[in-house]
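The values are calculated or read from the model by the stated rules, or taken from the named source; none is laboratory data. Just so it is clear, the structure is predicted and the values come from calculations on it, not from any experiment. Ideal geometry is used to build each Cβ from the backbone, glycine not excepted, and the neighbour counts take in all protein chains shown.
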């Protein structure tokens, strides 16, 4: 009786099919868990190694200072002689002019940017090889047959891999870079405190760590758009190549560039061969490297030199000026076309 009642209730209230966004979320989760080592742990380990090397450099510097102190060495700062034994960073800071403090802030910002590069470097390699194997590996191990038996379209599958490469990976790498940057700042603060300095006056105040953190987060949409040519090309090679997609992905653009340069084909358009290498070959292969979009950014507001220019070069106005460049949108359209081709190829090919 209960079974009959339950069946009748199910008939009156049939289970709704899963929503498209729910399926897409599950596909993103699948990509993350299958490639957790690359997406999550690679940036974390890269940032950890960066902090470890920083700590080792600090310890080495302290040892060298102690040896210099024991040898009776000294320093001359703005005409004032100080022994290493009596080095006081607080006194040194008090002797800096406003211009010196501005230069110090630029140096701090540059150090923070450099310290945070490691997670992004790891992310670049992860995204490159992830896209190359995203559609090729499932054909190679025949798992594509299983995934095609599920109510998941080729478009949803490929777009989930696209979102993983252009959104999930840079978000995780940016968070790892922020942790690395603030970890570096804490280590530097400890070093400053050891020598009698005030970290707020020498590091946190002159530098702009919060602005740099905001720039990292704000750059994620720019990265997603700018990286489309490379991501689209690698996904296309992954869907098309019967073997060795890495070689095909490198050889076709490289040989195209050599062919164009050899016969000076760009002269037909009154352009140099370097234009082809920069706007075609490089965009197909290295657009996933963060920051490669700055060659098309608008720097007309930058009028300072030296380390202090770092903040001006990386402000939000300069960053989002890339959205006004035709190179970004032409590349994005080309990447979208290659992604559509990859979806078609996945639909037609399931060989191992």
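Looking only at residues of region 219-243 that are in a loop (DSSP other than H, G, I, E, B) and more than 17 Å from the chain's Cα centre (by Cα), we find that the one that is surrounded by the most Cβ atoms within 10 Å (Cβ to Cβ) is 241. Note on region 1-91: enclosed helices (runs of 4 or more DSSP H) holding 1 or more residues that are surrounded by 10 or more Cβ atoms within 10 Å (Cβ to Cβ) and either in contact with a helix residue (DSSP H, G or I) (Cβ under 7 Å, 6 or more places away or on another chain) or modelled with pLDDT of 80 or more (or both) are 20-34, 42-70.
Taking residue 162 as the residue in question, decide whether it is within 19 Å of residue 221 (Cα to Cα), touching a residue at least 12 places away in the same chain (Cβ under 8 Å) and touching a helix residue (DSSP H, G or I) at 6+ places or on another chain (Cβ under 7 Å). Against the criterion (within 19 Å of residue 221 (Cα to Cα), touching a residue at least 12 places away in the same chain (Cβ under 8 Å) and touching a helix residue (DSSP H, G or I) at 6+ places or on another chain (Cβ under 7 Å)), residue 162 qualifies.
Quick one: residue 98 ticks every box in (1) farther than 23 Å from residue 177 by Cβ; (2) at pLDDT 75 or above; (3) crowded, with 17+ Cβ neighbours inside 10 Å bar one, so which box is it? Looking at each condition in turn, residue 98 falls short on (3).
Taking the numbered list (1) modelled with pLDDT under 85; (2) over 27 Å from residue 245 (Cβ atoms) in turn, residue 347 passes all entries but (2). Selection of region 169-218 for residues being crowded, with 20+ Cβ neighbours inside 10 Å and within 27 Å of residue 335 (Cβ to Cβ) yields 169, 170, 172, 173, 174, 176, 177, 216. With respect to being more than 20 Å from residue 321 (Cβ to Cβ), within 24 Å of the chain's Cα centre (by Cα) and either in a helix (DSSP H, G or I) or in contact (Cβ under 8 Å) with a residue 24 or more places away in the chain (or both), residue 181 fits the description. When region 241-264 is filtered for residues that are in contact with a helix residue (DSSP H, G or I) (Cβ under 8 Å, 6 or more places away or on another chain) and farther than 21 Å from residue 229 by Cα, the ones remaining, listed by number, are 261, 264. Taken as a whole, the condition of being under 18 Å from the mean Cα position of the chain (by Cα) and at pLDDT below 80 does not apply to residue 328. So, in region 134-147, of the ones that are assigned to a helix (DSSP H, G or I) and surrounded by fewer than 16 Cβ atoms within 10 Å (Cβ to Cβ), which residue ends up nearest to the chain's Cα centre (by Cα)? By that ranking, first place goes to 137. Inspect region 113-126 for any residue being more than 19 Å from the chain's Cα centre (by Cα) and buried (at least 22 other Cβ atoms within 10 Å of the Cβ) and give the result as yes or no. So far as region 113-126 goes, no, none of its residues is more than 19 Å from the chain's Cα centre (by Cα) and buried (at least 22 other Cβ atoms within 10 Å of the Cβ).
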